[in-house]
Amino acid sequence: MIVLSKHVALVAGVFSSLAFTVTAAPSTPQADPCAKFAGQTFVVPSDALACLKSFPFNETLRQNVLNNVARVFDFFTFEDFYLKSPPPFQESTTNIRADLAKINSTKFATDYDFNRALYDFTTQLNDGHTRFFPNCYNTFQNLLPAPVVTLEENGVQNVFVAPDSVEFVSLLGSEFTGFFDKLGFDWQRLAGAKVLEIEGMDAYAWADHIASTQSGNYLDHGVRVNSVFSSYRISGTDFSQRFGDIAGPAFPDQNFLTMTLIPVNSTKAETVKVPYLADYLGLPFTDQASFWEANCAANDETNGVDLKSAGLEAARATRKLARAVIVDKGPASGVGLPGPFVPTLPQTAGSTGVIKSYILPGNKTGVMFVGSFEGDFVQFQTDTQAAIAEFKSAGVTRLILDLTNNGGGFVCLGFFLHQFLAGAQIGYPGFQSTSRANPLAQKILQADIAQGLTDQITFYSPDNWAFLNDTEMPLNFDYNDPSVPFKINGVTDQNSIRFHDICPLSVQPPEEPPFDLKNVAIVGNANCASTCAMFSTLMFERHQTKVAIFGGKPGLQMEYKGMAGNQVLEWTDLDTEIKTAGVKDDPLAPPDLLVQVNMRHNWRTAWSFLDENVPIAYKSELPQLRFPYTSDTYNNPQNLWIFAESKLFD
Ligand SMILES: *[C@@H]1O[C@H](CO)[C@@H](O)[C@H](O)[C@H]1NC(C)=O
Ligand SMILES: *[C@@H]1O[C@H](CO)[C@@H](O)[C@H](O)[C@H]1NC(C)=O
Ligand SMILES: *[C@@H]1O[C@H](CO)[C@@H](O)[C@H](O)[C@H]1NC(C)=O
Ligand SMILES: *[C@@H]1O[C@H](CO)[C@@H](O)[C@H](O)[C@H]1NC(C)=O
Ligand SMILES: *[C@@H]1O[C@H](CO)[C@@H](O)[C@H](O)[C@H]1NC(C)=O
């Protein structure tokens, strides 16, 4: 992505000599590379990239963005862990400040190249809470009509083109599939093919490569390998299938993916150049200038606001709710799970939101597919209550929780589900938490206290948090003074004191667990992030809940959970804290952004229940059970649950 300065000079030289020799000829205006496909949903990747790369590098924008990003990193709880990431997470080791300095001094040919370097650097931190998203350049997803999966067949695991890829890819519509028909490329015949090599590498080695360079989000490499494959999920409140990072990368980098494969019913390996087609996810535009205006130039939502201004404060009736969630960009159009693979069992009550619940044949086992902890905060609680009430009245005694591709959501909903299953008798259902007490954080909190600001408009106000005895902190309690030193990798950082979350629940969890906790088990693909990771860690650390993880690379270790921060702040959230506290003029405050980008960060640490000196993010915990996917289970949740029932319970 980084173009050396001599190349820039060379291009400039070519232009000037051209200008010299062709002065006599009438000049044809340079065609607008964005106008070329304006109004289209699907775009040839190299055309998409030409538009993205048409905006010149701008030093003012680099300084604005990098200053912002560097000041946001001051709040990032795990910064010093990166200097030497503890095993088995060594792959993420890097010096964040040195990386920023390098991006600050590299010569970039285009604005895209600068943004891409920053995107790649934060992606490879493998922390889904701490990523840089340049809206301008996150406007496409490249899609391959041959998504891949890892399946076991006759006791051996291999990479395959997803056997359901005809049903799945067809859901993108004829505008997508028509492109391949017009090229005369028969993508349908690839469904189910065994993939031996990708881009000249062993197929699993390619999966490792994409997991290392593009997937991000999860500290554990093994978990990231599962992100490269296609898998079922709940997106919003609907069953869906994820393309996976090999078939659905975030940038239109490649026009083709070269695969060596053996088609179904053939014995002969052949090498096929499979075309990608880019899906445009941005706002409507007509040319390069309007593309920039719509997707790149800062707008009213790019930066935070001072919530003290009367109207905004009055509008807010309840406390702010902490979120811990990753961002998984997917086709805006949304691709469902093909009909034949959606569970056919009747859903129980409480299945219209992010949770879908079922009773498996035989009436012994209930299943809650918890797609996320997002959506309607109250409905999640009433849905949980309704599903479990129906399970109980049907005589169900065992529970499977499917956490496949659960990207997290409201922190308190993870704690709620834990407390609902374990019974209110367990007391505080979360983790000890801290945030960084850097000099600006100290000033924000002091300013909030001085002005008597509350949890209605700020996350820093003391009344957001409780002491370890679960008494809410008084409004004048400065939890950053004195700050608490924490040393890691030879660096001492200042943190807040340890505190607990406060959860404003609408549904009171039962006193006793609804099921014997020995009969509660978790299944999933370990792509379980943020609040989901906290929930599964709570179940594992406090109740030894059995976790069965599917997929991954055969023989490669995999954690049962993904990225486990305690709370994420988007840039606008942090800026709103700074502006509402009234400290935006402080030299340590990140500047307002001139472009639509978002540097989000992990703002709070959750400390392990088993070892309170280790963040759960860095506590290595393996699932008790690993199973390969098969052609029956990889896209078929109901088949997977019935298989899991036979393996998890006696
Ligand atoms: C660089 O970006 C700034 C901020 O948007 C703008 O004012 C300036 O004109 C740009 N510089 C060039 C050379 O385009
Ligand atoms: C980038 O370099 C400029 C010029 O050397 C410097 O003023 C600025 O502080 C640097 N920014 C960061 C984030 O390091
Ligand atoms: C493969 O062969 C089987 C058995 O002859 C047939 O039923 C199936 O349709 C074939 N599949 C493809 C993709 O040709
Ligand atoms: C399970 O419950 C349903 C509904 O109450 C009932 O119709 C069915 O016969 C039960 N099945 C078994 C195996 O008990
Ligand atoms: C809880 O702990 C805080 C801080 O140590 C203390 O001030 C407060 O009195 C305690 N509350 C109760 C009810 O014990």
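The values are calculated or read from the model by the stated rules, or taken from the named source; none is laboratory data. The shown structure was predicted, so the numbers you read here are calculated from the model rather than taken from an experiment. Cβ: placed from backbone, ideal geometry, glycine included. Neighbour counts: every protein chain shown. In case anyone asks, the SASA skips ligands and DNA or RNA and just uses the protein heavy atoms, side chains included. Shrake-Rupley method; radii C 1.70, N 1.55, O 1.52, S 1.80 Å.
Of the residues T545, T572, T537, which is out of contact with any helix residue (DSSP H, G or I) (no Cβ under 9 Å at 6 or more places or on another chain) and either open to solvent by 10 Å² or more (accessible area, probe 1.4 Å) or not aliphatic (A, V, I, L, M) (or both)? Working first, answer last.
On the way: T545 fails: out of contact with any helix residue (DSSP H, G or I) (no Cβ under 9 Å at 6 or more places or on another chain); T537 fails: out of contact with any helix residue (DSSP H, G or I) (no Cβ under 9 Å at 6 or more places or on another chain).
Testing whether each residue is out of contact with any helix residue (DSSP H, G or I) (no Cβ under 9 Å at 6 or more places or on another chain) and either open to solvent by 10 Å² or more (accessible area, probe 1.4 Å) or not aliphatic (A, V, I, L, M) (or both) leaves just T572.
What number of residues in region 489-529 are under 30 Å from D245 (Cβ atoms) and either in a strand (DSSP E or B) or out of contact with any strand residue (DSSP E or B) (no Cβ under 6 Å at 6 or more places or on another chain) (or both)?
So the answer is 7.
Which of the residues belonging to region 478-488 are of a type in the set (A, V, I, L, M, F, W, C) and touching a strand residue (DSSP E or B) at 6+ places or on another chain (Cβ under 7 Å)?
If the condition is that a residue be of a type in the set (A, V, I, L, M, F, W, C) and touching a strand residue (DSSP E or B) at 6+ places or on another chain (Cβ under 7 Å), then V484, F486 are the ones that fit.
Does V342 fit the bill of being among the hydrophobic types (A, V, I, L, M, F, W, C) and surrounded by fewer than 19 Cβ atoms within 10 Å (Cβ to Cβ)?
For V342, the condition - among the hydrophobic types (A, V, I, L, M, F, W, C) and surrounded by fewer than 19 Cβ atoms within 10 Å (Cβ to Cβ) - is met.
So if I check each of N566, N495, which one is open to solvent by less than 10 Å² (accessible area, probe 1.4 Å) and of a type in the set (S, T, N, Q)?
Just a single option satisfies the conditions, and that option is N566.
Filter region 291-312 down to residues that are touching a residue at least 24 places away in the same chain (Cβ under 8 Å) and either touching a Pro at 6+ places or on another chain (Cβ under 8 Å) or not acidic (D, E) (or both), then give me how many there are. Steps first, answer last, please.
Within region 291-312, the subset touching a residue at least 24 places away in the same chain (Cβ under 8 Å) is 291-292, 295-299, 301-308, 312.
Now narrow it down to the ones that are either touching a Pro at 6+ places or on another chain (Cβ under 8 Å) or not acidic (D, E) (or both): 291-292, 295-299, 302-305, 307-308, 312.
Residues that pass the stated criteria total 14.
Please find, within region 170-207, the residue that is most open to solvent (accessible area, probe 1.4 Å) out of those that are assigned to a helix (DSSP H, G or I) and within 16 Å of ligand 3 (Cβ to nearest atom).
R189
Out of G375, G362, I need the residue that is free of Cβ contacts under 8 Å to residues at least 12 places away in the same chain, on the phi > 0 side of the Ramachandran plot, away from ligand 2 (no atom under 16 Å from the Cβ) and open to solvent by 10 Å² or more (accessible area, probe 1.4 Å). Which one?
G362
Quick check on my filter: what residues within region 498-514 are of a type in the set (D, E) and surrounded by fewer than 18 Cβ atoms within 10 Å (Cβ to Cβ)?
Residues satisfying the conditions are E511, E512.
Each row is one residue, and each column tells you yes or no for (1) charged (D, E, K, R); (2) open to solvent by less than 10 Å² (accessible area, probe 1.4 Å); (3) part of a loop (DSSP other than H, G, I, E, B); (4) modelled with pLDDT of 95 or more.
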position	(1), (2), (3), (4)
T77	no, no, yes, yes
F114	no, yes, no, yes
L125	no, yes, yes, yes
F133	no, no, no, yes
N142	no, yes, no, yes
T150	no, yes, no, yes
V159	no, yes, no, yes
F168	no, yes, no, yes
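Please enumerate the residues belonging to region 209-219 that are crowded, with 19+ Cβ neighbours inside 10 Å and over 14 Å from the mean Cα position of the chain (by Cα).
Selection gives I210 alone.
So for region 597-618 (the condition being open to solvent by 50 Å² or more (accessible area, probe 1.4 Å) and within 23 Å of Q63 (Cα to Cα)), does at least one residue qualify?
no
So, in region 270-284, how many residues would count as being part of a loop (DSSP other than H, G, I, E, B) and surrounded by fewer than 14 Cβ atoms within 10 Å (Cβ to Cβ)?
As a first pass, look at region 270-284 and keep what is part of a loop (DSSP other than H, G, I, E, B): 276, 281-284.
Okay, now just the ones that are also surrounded by fewer than 14 Cβ atoms within 10 Å (Cβ to Cβ), so 283-284.
Total satisfying the criteria: 2.
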